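Notes to accompany the following structure.
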Amino acid sequence: MKKRNLVAMLALSAILAACGKNEPAKPVATDAPAPAAAVTKVVVGLDDNFPPMGFRDEKNELVGFDIDLAREAGKRMAVDMEFKPIDWSAKEAELAGKRVDMLWNGLTITEQRKEKIAFSAPYMENHQIIVVLANGAIKTKADLAGKVVGAQDGSSAVDAIKKDEAVAASFKQLKTFGDNITALMDLSAGRLDAVVVDEVVGRFHVAKKAEEYRVLDENFGVEEYGVGLRKEDADLLARLESAMADMKKDGKAAEIATKWFGKDIIK
């Protein structure tokens, strides 16, 4: 009887062992995240009323210096650049909310913005110039005392003005606008005495109406333009930096600059 029981137990053990060999291996649990999908489309936020950096032509198509730069960079990064006009005064919120992936439209690099935005290397320099009526009496920054001065809301022009505390305090009023075009229209209509604006934009309009506008010799300082991204998008920033470096090296960036400004203004 004991022999029979022993034989039966050995047979059962053999069957169980055989069954165990046929069971598929169980996957090993892991906490490692799945690899991120490669970015194939980038949404670029811009102010579409900011010539010559980004604006609409007579066919209502988006054109401009920054538009051309972004498109060329997109080709080299193997991504589609989609351009999305936004409220420029809410640009940081648009970026943080992932409604856009880049801010590329004459975006000034400032220490305050660096706290929330990752910037590319600067690609050009800019000044905050003062535009007045050609036949007006304003000749210097000191002449702005008691005057109404306009600037675009949320722009670095406002920041530059506020940095010059003595001059800013002398204004009768600092009035902000949704875009620079509207501010210049108010200047022409006599509702403003001066407009502080990015040089690339201001000189574009002054050149078109040289008989109406004049640029003062003094300005509100020098600044640099860069492309803004979310801080967590380090890989995307690295790809952009590589593309921009290649564009500067092979002359494509200079070619685009010459198309819009008549000379190479790339930094």
Checking the condition over 20 Å from K175 (Cβ atoms) and either modelled with pLDDT of 95 or more or open to solvent by 40 Å² or more (accessible area, probe 1.4 Å) (or both), which residue from E165, E111 passes? E111
If K116 passes every condition in (1) surrounded by 18 or more Cβ atoms within 10 Å (Cβ to Cβ); (2) of a type outside the set (D, E); (3) assigned by the TED database to the domain that holds D235; (4) farther than 15 Å from K41 by Cα but one, which one does it miss? (1)
Return yes or no: is G146 in contact (Cβ under 8 Å) with a residue 12 or more places away in the chain, surrounded by fewer than 16 Cβ atoms within 10 Å (Cβ to Cβ) and on the phi > 0 side of the Ramachandran plot? yes
With (1) under 23 Å from D179 (Cα atoms); (2) assigned by the TED database to the domain that holds M77 as the list, and R230 as the residue in question, which single condition is left unmet? (1)
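The values are calculated or read from the model by the stated rules, or taken from the named source; none is laboratory data. Predicted model, so just to flag it, every value in this text is computed and none were measured. When we count neighbours, we look across all protein chains shown, and the Cβ atoms used for this are built from the backbone with ideal geometry, even at glycine. What goes into the accessible areas is simple: the full protein's heavy atoms, side chains included, and nothing from ligands, DNA or RNA. Shrake-Rupley method; radii C 1.70, N 1.55, O 1.52, S 1.80 Å.
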